[in-house]
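Undergrad: If you scroll down you'll find the structure; I have some questions about it.
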């Protein structure tokens, strides 16, 4: 019977594969989305899934510095969504005038 570490690594690799597939789907949605807001949401979800993937890889590899990279990437992802959302609001206000 496999030990707990082997089972944990197997589940983490499975989660990483699943996240990789959903990242690809979200990137397709970001490229093909009918509206700009759909593209922003897909890009935000992609960024969040990449953060999760880096965190999973941090546990699998056993390097703690990847957690710091996750935090930095989360801040960049948040700021990019805020800036893109603000640009959509300004663009919408210009079109209404």
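The values are calculated or read from the model by the stated rules, or taken from the named source; none is laboratory data. Computed from a predicted model, the values in this text were never measured in an experiment. Quick reminder, even Gly has a Cβ in these numbers, built from the backbone with ideal geometry, and neighbours come from all protein chains shown.
Undergrad: Output the residues belonging to the stretch 48-84 that are within 21 Å of residue 8 (Cβ to Cβ) and in contact (Cβ under 8 Å) with a residue 24 or more places away in the chain. Reasoning before the result, please.
TA: If we filter the stretch 48-84 for residues that are within 21 Å of residue 8 (Cβ to Cβ), which is where we start, we get 49, 51-67, 70.
Listed by number, the residues that qualify are 49, 51, 52, 53, 56, 57, 59, 60.
Every residue, every condition in (1) at positive phi; (2) in contact with a helix residue (DSSP H, G or I) (Cβ under 7 Å, 6 or more places away or on another chain); (3) modelled with pLDDT of 90 or more, yes or no:
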position	(1), (2), (3)
15	no, yes, yes
29	no, yes, yes
34	no, no, no
39	no, yes, no
55	no, yes, yes
59	no, yes, yes
82	no, no, yes
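Undergrad: Determine which single condition residue 19 fails, assuming it passes every other condition in (1) under 12 Å from the mean Cα position of the chain (by Cα); (2) farther than 25 Å from residue 87 by Cα; (3) without any contact (Cβ under 8 Å) to a residue 24 or more places away in the chain.
TA: Residue 19 satisfies every listed condition except (3).
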